[in-house]
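For reference, the structure is listed below as structure tokens.
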Amino acid sequence: MKLKEALVLIAAMSILVSSTVFFTTPSAATIGDSFQWGSPSDGLQMSLSSPEPNDSGLQLALRNVGDHDVTLNLGWMLANGKVQLPKYISINLTDGKGKTRLFQFSDKMHSNVAGRVDDYVVPLRVGSMYTLTLRLDQFWCQETMEFEMNLLPGENRLTAQFEGRGAKQANLDMPAMRLMNFWLGKIESNTLIIER
């Protein structure tokens, strides 16, 4: 009789613990709530922040607040994924003097490509978040030929942009890459204000 009571008690405790875990799991909307976010677009949201106000580092986050899993193509990967270049990320900068221009991601260490190029593919499940650490000197403005983003004295306003695309680098050994469920569209982050 005691064995049967113990088994019932164990089963009841298991149900209680699993239901507690189920109901306390954060929803897609609460993951990353310490960040400021731009408006969602087709289930995707983007955030831009600066961990240290006087540093040149940036943190960009993408989260899936939609109702289905998606796949992002952030740019290119070189050397079978050893180098990851988020080429489809750009930053719109309005500097301390009020001048606005668009800066594209460009890693100067890998400006010339001689070899295999793959798509920078990131699966993003519902409720998941993906973050990138970036630097101001990894962006350049083609229009003004500025090879890094210099923040001027005063209020500098930065808004990140991402344009989702399908597979662009479908290599012969990966022909099915073009069939993946890529998120297509354009999205902007919140506006990050950095005072200098």
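The values are calculated or read from the model by the stated rules, or taken from the named source; none is laboratory data. What you see is a predicted model; the values in this text were computed from it and never measured. Note that we place each Cβ from the backbone using ideal geometry, even for glycine, and neighbour counts take in every protein chain shown.
Below are the figures for this structure:
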item	result
Subset of segment 67-88 [in a loop (DSSP other than H, G, I, E, B) and in contact with a helix residue (DSSP H, G or I) (Cβ under 7 Å, 6 or more places away or on another chain)]	none
When residues of segment 110-121 are limited to those that are aliphatic (A, V, I, L, M) and either within 17 Å of residue 69 (Cβ to Cβ) or outside any loop (DSSP other than H, G, I, E, B) (or both), the one modelled with the highest pLDDT	121
Selection from segment 89-103 of residues that are in a loop (DSSP other than H, G, I, E, B) and surrounded by fewer than 19 Cβ atoms within 10 Å (Cβ to Cβ)	96, 97, 98, 99
Of all residues making up segment 67-82, the number that are farther than 17 Å from residue 130 by Cβ and either among the hydroxyl-bearing types (Ser, Thr, Tyr) or surrounded by 15 or more Cβ atoms within 10 Å (Cβ to Cβ) (or both)	1
Answer from 158, 152, 85 - the residue that is in contact with a His (Cβ under 7 Å, 6 or more places away or on another chain) and either in contact (Cβ under 8 Å) with a residue 12 or more places away in the chain or small (Gly, Ala, Ser) (or both)	85
Of all residues making up segment 50-66, the number that are crowded, with 18+ Cβ neighbours inside 10 Å and either in a strand (DSSP E or B) or among the basic types (Lys, Arg) (or both)	6
Residues (more than 21 Å from residue 83 (Cβ to Cβ) and buried (at least 17 other Cβ atoms within 10 Å of the Cβ)) located in segment 130-148	141
Test result for residue 34, in contact with a Gly (Cβ under 8 Å, 6 or more places away or on another chain), of a type in the set (S, T, N, Q), at pLDDT below 90 and loosely packed, with under 10 Cβ neighbours inside 10 Å	no
Matching residues, segment 122-137, being at pLDDT 95 or above and either in contact with a helix residue (DSSP H, G or I) (Cβ under 8 Å, 6 or more places away or on another chain) or assigned to a loop (DSSP other than H, G, I, E, B) (or both)	125, 126, 127, 128
Residue in segment 152-159 that is β-branched (Val, Ile, Thr), surrounded by 13 or more Cβ atoms within 10 Å (Cβ to Cβ), in a strand (DSSP E or B) and at pLDDT 95 or above present	yes
Odd one out for residue 115, checked against (1) exposed (fewer than 15 other Cβ atoms within 10 Å of the Cβ); (2) within 27 Å of residue 185 (Cβ to Cβ); (3) of a type in the set (Gly, Ala, Ser); (4) in contact with a helix residue (DSSP H, G or I) (Cβ under 8 Å, 6 or more places away or on another chain)	(2)
Matching residues, segment 68-83, being farther than 18 Å from residue 107 by Cβ and not β-branched (Val, Ile, Thr)	68, 69, 72
Index of the failed condition, residue 185 passing every other in (1) in contact with a Leu (Cβ under 8 Å, 6 or more places away or on another chain); (2) at negative phi	(2)
Among (1) within 19 Å of residue 62 (Cβ to Cβ); (2) more than 13 Å from the chain's Cα centre (by Cα), the one test that residue 155 misses	(1)
